Amino acid sequence: MALPNLLLVLVAATAIYLVKGTDLKETKLSLYLQDISAFGAANATAVPVAGIAGKAWRFTQFGTLYVTDDNITETPDRNSARVGQVQGMYVTAGLDGLNSHVWVSIVFTNEEYNGSTIQLQGISKQFEAVREVSVVAGTGKFRFARGYATFETYFVDIPTQYAVIRCNVTVQHY
Ligand SMILES: *[C@@H]1O[C@H](CO)[C@@H](O)[C@H](O)[C@H]1NC(C)=O
Ligand SMILES: *[C@@H]1O[C@H](CO)[C@@H](O)[C@H](O)[C@H]1NC(C)=O
Ligand SMILES: *[C@@H]1O[C@H](CO)[C@@H](O)[C@H](O)[C@H]1NC(C)=O
Ligand SMILES: *[C@@H]1O[C@H](CO)[C@@H](O)[C@H](O)[C@H]1NC(C)=O
């Protein structure tokens, strides 16, 4: 599994184009979020921190706020090279529990983008195979960034609440 994915990532991570008629560059990245949401687990990287009194604090319950700090890796393998972290919050914002509003930053720590960040924001339709949110801003190498990002569940282990989520980012920046 690792080799074909590594090839895809290398191709994707170096896809930088000039946007026609502008000074903008377009960068496409494929990143893997290592997410552990097991309630109360010492290794949890996504934790509900607030919710409606008397209701279960779950991602399907309106009003539940999560804080997250997932490792981001270069391939789906959790031991593959670390690219950074995804840090921020999301709240179940649909009364029916279907939509979550996401505000997170991709905080790069790899050599290529170390110290730069990309800000993602928008509604994630949690039960859809591909969830798309906006890239609203960036810092460092991604100043003036805008674009879009998709989330896809790549792997999930229900008993340990461990999931690998692929995040493809397409971003234009100077
Ligand atoms: C994300 O990028 C990978 C290649 O790195 C591609 O195989 C996959 O289809 C993309 N997903 C979406 C939703 O575009
Ligand atoms: C998180 O910790 C639990 C309990 O120790 C363990 O069963 C689980 O495998 C760990 N998850 C990951 C992804 O390492
Ligand atoms: C995140 O990555 C670091 C460094 O690779 C590792 O030590 C740590 O255990 C990882 N965290 C989780 C929750 O997997
Ligand atoms: C990233 O930057 C920090 C602080 O500037 C530095 O300590 C660290 O070694 C750098 N990491 C890489 C992979 O270049």
Given a Förster radius of 30 Å and the C-beta distance between Thr22 and Gln121 as r, what FRET efficiency does 1/(1 + (r/R0)^6) yield to the nearest 0.05? 0.80
Which lysines have a Cα less than 21 Å from the Cα of Lys25, not counting those fewer than 8 places away in the same chain? Lys141
Using a 1.4 angstrom probe on heavy atoms only, work out the carbon and sulfur share of the accessible area of the range 25-173 in %. 55
On a full-extension model of 0.36 nm per residue, what is the gain between Val136 and Val67, subtracting their alpha-carbon distance, rounded to one decimal in nm? 22.9 nm
At 222 nm, what helix-only mean residue ellipticity would the chain give, in deg cm²/dmol to the nearest 500, using -39500 (n - 2.57) for each DSSP H run of four or more? -2000 deg cm²/dmol
Can you give me the Cα centroid spacing of the range 86-110 and the range 114-159 in angstrom? 9
Hey, if we sort Arg78, Arg131, Arg166 by accessible area with the 1.4 Å probe, largest down, what's the order? Arg78, Arg166, Arg131
Arrange the residues Ser100, Ser134 by how much accessible surface each exposes, largest first, with a 1.4 angstrom probe. Ser134, Ser100
Quick check: the angle from helix 2-13's long axis to the longest principal axis of the chain, C-alpha only, nearest 10 degrees? 60
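Counting only heavy atoms of the protein chains, get the accessible area per residue of the range 25-173 (1.4 Å probe) and round it to a whole Å² value.
Details: 7500 Å² over 149 residues.
Result: 50 Å² per residue.
The values are calculated or read from the model by the stated rules, or taken from the named source; none is laboratory data. This structure is a prediction, so every number in the text was calculated from the model and none was measured. Note that we place each Cβ from the backbone using ideal geometry, even for glycine, and neighbour counts take in every protein chain shown. The accessibility values were calculated without ligands, DNA or RNA, using every heavy atom of the protein model including side chains. Shrake-Rupley method; radii C 1.70, N 1.55, O 1.52, S 1.80 Å.
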